[in-house]
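The values are calculated or read from the model by the stated rules, or taken from the named source; none is laboratory data. Only a predicted model underlies this, so the values are computations on that prediction, with no experimental measurement involved. Neighbour counts run over all protein chains shown; Cβ positions are idealised from the backbone, glycine included.
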Amino acid sequence: MAIVFDDRDLEATRRTNRTLERLPRLRLQSPIHRNLVQGLLNLVDWVGPDLAAKRGVRAEVRTVTAMGRSVRVRILWPPGKVVGAHVYIHGGGWTIGNARMDDALNAELAASAGAVVVSVEYRLIPKYTFNDGIDDCETAARWVLESGLAQFGVEGMTVGGESAGGHLAAATILRLRDNGYRFDQVAGGVLIFGCYDLGGTDMRRRAGPQTLVLHGPTLGRILDRARELSVDARLRPAFSPLRADLSGLPPALFIVGTRDPLQEDSELMHAKWSRQSGNAELVIVPEAAHGFNHQKNSTADKTNQYIRSWIAERLRD
């Protein structure tokens with residue numbers, strides 16, 4: 001059943017937006033701004049509450065290996081029966097973030113849906129190349145297919161992420177398909193307000209300074225900081241999933257808000273996935289900003305509940 005947002009949800013979203021309008025926008029192309037945000041995230045890691053434990057979820061940090069590569073992951077174990085695995089890729093403009101930053105949502109997914117959540121600690125630009133991050137996400141997903149599912153005692157997994165993580169999740173799913181190894185065990189993709197064309201959609205190029213959360217005029221400059229990612233390379237299907245063949249893929253759930261400069265990315269990706277694989281769903285959330293599902297309001301609550309239900313359904317099939 002599709003999400004229904006009513007007038008109360010819309011008013012809750014507008015109240016949050018009024019607060020966001022007074023706050024500075026993220027400018028992740030700036031080393032000072034980027035390092036400040038990453039420092040705050042690292043501080044929370046050290047002194048913040050254990051949000052997973054509050055939900056009865058056990059967290060484990062492990063280095064896993066597949067395809068001759070290794071990557072660190074944060075594994076959240078459900079307190080009850082395990083029904084499947086979810087590979088989660090965090091956002092942060094490919095430049096900030098860590099595997100723990102979304103423990104609140106991931107622990108709720110583990111506890112309510114029975115999914116073992118494998119959150120990927122992928123390498124960030126500009127210290128590492130853009131391809132390094134995709135390699136790390138593919139490594140984690142392949143480890144789940146090769147070893148993790150058997151260890152968890154389940155047969156299926158989903159792959160998902162938000163923002164930059166949505167892009168990396170799509171790129172990972174495409175790599176898994178092209179390799180073919182146990183791809184039938186990939187039950188779905190959850191792609192939340194991602195950037196799927198690194199060349200830039202018309203909407204993203206037009207984004208002005210009034211955009212919420214993200215600073216529209218500098219969005220494209222983040223990729224200028226990436227090593228080995230020329231303007232031409234950004235147009236390759238390996239880096240821009242929207243430009244790839246999207247046939248033969250599992251069901252996908254796309255979610256984006258109408259006040260997100262990446263709305264068009266999700267719309268175009270959903271349309272192409274639907275044409276070529278025939279199994280994509282798009283949820284457009286009225287007046288919601290980038291990152292809205294982390295807000296404390298009814299719109300976020302409904303959206304996150306729908307995501308958990310969608311993943312649980314895919315893993316039970």
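Before moving on, here are some points about what is shown:
- Among residues of region 36-67, those that are at pLDDT below 90 and not in a helix (DSSP H, G or I), counted: 3
- Residues within region 52-84 that are within 19 Å of the chain's Cα centre (by Cα) and either of a type outside the set (K, R) or over 22 Å from Y122 (Cβ atoms) (or both), tallied: 6
- When region 124-148 is filtered for residues that are in a helix (DSSP H, G or I), in contact (Cβ under 8 Å) with a residue 12 or more places away in the chain and surrounded by fewer than 20 Cβ atoms within 10 Å (Cβ to Cβ), the ones remaining, listed by number, are N131, D135, E146, S147.
- In region 101-120, residue surrounded by the fewest Cβ atoms within 10 Å (Cβ to Cβ) [restricted to those that are in a helix (DSSP H, G or I) and out of contact with any Lys or Arg (no Cβ under 7 Å at 6 or more places or on another chain)]: A104
- Residue match in region 182-199 (condition: surrounded by fewer than 15 Cβ atoms within 10 Å (Cβ to Cβ) and touching a helix residue (DSSP H, G or I) at 6+ places or on another chain (Cβ under 9 Å)): no
- Any hit, region 283-290, residues being closer than 23 Å to L124 by Cα and either within 16 Å of the chain's Cα centre (by Cα) or assigned to a helix (DSSP H, G or I) (or both): yes
- Set G92, G80: member being on the phi > 0 side of the Ramachandran plot, modelled with pLDDT under 95 and in a loop (DSSP other than H, G, I, E, B): G92
- Residue list for region 109-168, restricted to those being of a type in the set (D, E, K, R) and closer than 17 Å to L198 by Cα: D132, E162
- Applying a threshold of 8 Å to beta carbon distances and a minimum spacing of six or more residues, or different chains, the list of pairs starting in region 163-191 at a residue that is more than 22 Å from D265 (Cα to Cα) and ending at one that is of a type in the set (S, T, N, Q) and modelled with pLDDT of 95 or more reads V186/T158; A187/T158.
- Residue-level check: of (1) in contact (Cβ under 8 Å) with a residue 24 or more places away in the chain; (2) closer than 28 Å to I222 by Cα, G80 misses just (2).
- Here R259 clears all of (1) charged (D, E, K, R); (2) at pLDDT below 90; (3) under 19 Å from the mean Cα position of the chain (by Cα) except the condition numbered (2).
- M269 falls short on exactly one of the conditions (1) part of a helix (DSSP H, G or I); (2) surrounded by fewer than 23 Cβ atoms within 10 Å (Cβ to Cβ); (3) at pLDDT 95 or above; (4) not small (G, A, S), and that condition is (2).
- Residue tally, condition within 25 Å of R25 (Cα to Cα) and not in a helix (DSSP H, G or I), over region 214-228: 7
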